[in-house]
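First the structure, in the form of structure tokens, and then the observations on it.
The values are calculated or read from the model by the stated rules, or taken from the named source; none is laboratory data. Treat the numbers as computed from the prediction; the structure is a model and nothing was measured. Here Cβ is always computed from backbone atoms with ideal geometry, including for glycine, and neighbour counts include all displayed protein chains.
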Amino acid sequence: MYLQLNNCHDSLKGEIGEVIAKSVIKNSFRAADANKNLLDQYPINPEQKKLLLDNWFYLDLINIIDDKVTLYEVKTKKYFYKQLTRTQMRYKISKPFLDFCNKAIELGITLKFVQITLFEDWKCGIIIKDFKEKDFFVDKRSLLKKN
């Protein structure tokens, strides 16, 4: 079987990006690979812990040092896409995810945004910056769903 990764499904591209980000962000772990009970090892604020547990499926990377929690939202794109649009790409998120981010910030959790750009020559670009709502747009379909 031959798989052309530059045309792969977005979820595979996302997983590849998360693994790359994890290799760069030391002491982080992917929520997808971890058991929720892992949080019991850390002396974090109970409100923060409850928010993380209730929203585990939203989490890409988690880094906890002492009682300081940092979450990383990882988005992966192909370089070619940016070349076609010639614009600064904004990434789609859901309204519930944005609400989660705002609540996390209220509770003192640090949010970071990791942009992974995949190039055809097996290289990748990595930008890590503070999470800012302007880097994203809310998927209109998530506004139609009833809570």
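Could you tell me whether ASP33 is out of contact with any helix residue (DSSP H, G or I) (no Cβ under 7 Å at 6 or more places or on another chain) and more than 18 Å from LEU12 (Cα to Cα)? The answer is no for ASP33. Within the option set LYS112, LYS77, being out of contact with any Cys (no Cβ under 7 Å at 6 or more places or on another chain) and either assigned to a helix (DSSP H, G or I) or at pLDDT 95 or above (or both) holds for one residue only, LYS112.
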